[in-house]
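Q: Let me begin by handing over the structure; questions about it come next.
The values are calculated or read from the model by the stated rules, or taken from the named source; none is laboratory data. Quick caveat, the model's predicted, so the values are computed rather than measured. For neighbour counting, all protein chains shown are included, and Cβ atoms are generated from backbone atoms with ideal geometry for every residue, glycine included.
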């Protein structure tokens, strides 16, 4: 079946602009996660959605970052007033509640110039 | 705070050899541990998931073990092939499960033909 998909695959934006990154999880997966992978920082957790529960936003680095998940499926990560340090690969994952095994999408490479 | 370490950071071995990748974590109260591979410019591919109650999991030429009490996991790759060249990441989830993964920094594996 279809895996996790993310769009766009690459995004180049100017400093100060807002960007939106999209994630389509595997159908039927109740949990959705966003991570960021940057040079020197490794992979770090950003935010986690589980069903109708309030999201765990504890990994968001600043209030310029926000995310929503509509209808328990598609998620959008929004970065406002982008900074050069936001340049990274943003990865989305989804999982079922039984095994909690996370499946990752191909990522969106964000470059802030 | 959970910390995950992978040693070595890089490893090169001739094709056909068996090899072991190491992962250690500081907090033994984990729900599960996952091993991933990441090819350059790509997302993460899940290889094996070990629940905290399990000692090992096998998939083809891969075998992962878990010693929760000592905070260690190993990934054994038998009869290595050039196609195994990638970065291997281990990640642990908290005791209550289905939440953010804490990743190691990875081991970059190169199989020499």
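Q: Residues that are within 11 Å of chain B (Cβ to nearest Cβ), exposed (fewer than 13 other Cβ atoms within 10 Å of the Cβ) and under 30 Å from residue B:30 (Cα atoms): does segment A:58-71 have at least one?
A: Going residue by residue through segment A:58-71, those that are within 11 Å of chain B (Cβ to nearest Cβ) are A:58-59.
Pick out the ones that are also exposed (fewer than 13 other Cβ atoms within 10 Å of the Cβ) and you get A:58.
Still in the list and also under 30 Å from residue B:30 (Cα atoms): A:58.
Yes, the conditions are met somewhere in segment A:58-71.
Q: Here's another thing I want to ask about it. Name the residues in segment A:57-84 that are closer than 19 Å to residue A:111 by Cα, touching a residue at least 40 places away in the same chain (Cβ under 8 Å) and out of contact with any strand residue (DSSP E or B) (no Cβ under 6 Å at 6 or more places or on another chain), would you?
A: A:80, A:81, A:83
Q: Here's something else I'd like to know. Name the residue that is modelled with the lowest pLDDT, counting only residues in segment A:4-43 that are surrounded by fewer than 16 Cβ atoms within 10 Å (Cβ to Cβ) and part of a strand (DSSP E or B).
A: Selected residue: A:38.
Q: Pick out the one residue from B:111, B:50 that is at pLDDT 95 or above and either within 15 Å of residue A:101 (Cα to Cα) or not in a loop (DSSP other than H, G, I, E, B) (or both). Please lay out each step first, then the result.
A: Values: B:50 fails: at pLDDT 95 or above.
Only one candidate passes the filter, namely B:111.
Q: Let me ask something additional. In this structure, is residue A:48 at the interface with chain B (Cβ under 10 Å from one of its Cβ atoms) and under 21 Å from residue B:48 (Cβ atoms)?
A: Against the criterion (at the interface with chain B (Cβ under 10 Å from one of its Cβ atoms) and under 21 Å from residue B:48 (Cβ atoms)), residue A:48 does not qualify.
Q: Looking at B:59, B:46, B:53, which one is closer than 25 Å to residue A:25 by Cα, without any contact (Cβ under 8 Å) to a residue 40 or more places away in the chain and more than 10 Å from chain A (Cβ to nearest Cβ)?
A: It is B:59.
Q: Turning to a different aspect of this structure: Which condition number in (1) in contact (Cβ under 8 Å) with a residue 12 or more places away in the chain; (2) crowded, with 20+ Cβ neighbours inside 10 Å is the one that residue B:84 fails?
A: The failed condition is (2).
Q: Looking only at segment B:27-36, count every residue that is facing another protein chain (nearest Cβ under 8 Å) and either more than 26 Å from residue B:1 (Cβ to Cβ) or surrounded by fewer than 20 Cβ atoms within 10 Å (Cβ to Cβ) (or both) and tell me the total. Even if it seems obvious, please write down each step before you answer.
A: Of the residues in segment B:27-36, the ones facing another protein chain (nearest Cβ under 8 Å) are B:31-32, B:34, B:36.
Filter once more, so that each one left must be either more than 26 Å from residue B:1 (Cβ to Cβ) or surrounded by fewer than 20 Cβ atoms within 10 Å (Cβ to Cβ) (or both): B:31.
Result for segment B:27-36: 1.
Q: Which one of the conditions (1) closer than 28 Å to residue A:38 by Cβ; (2) away from chain A (no Cβ under 14 Å); (3) more than 12 Å from the chain's Cα centre (by Cα) does residue B:39 fail to meet, given that it meets all the rest?
A: Condition not satisfied by residue B:39: (2).
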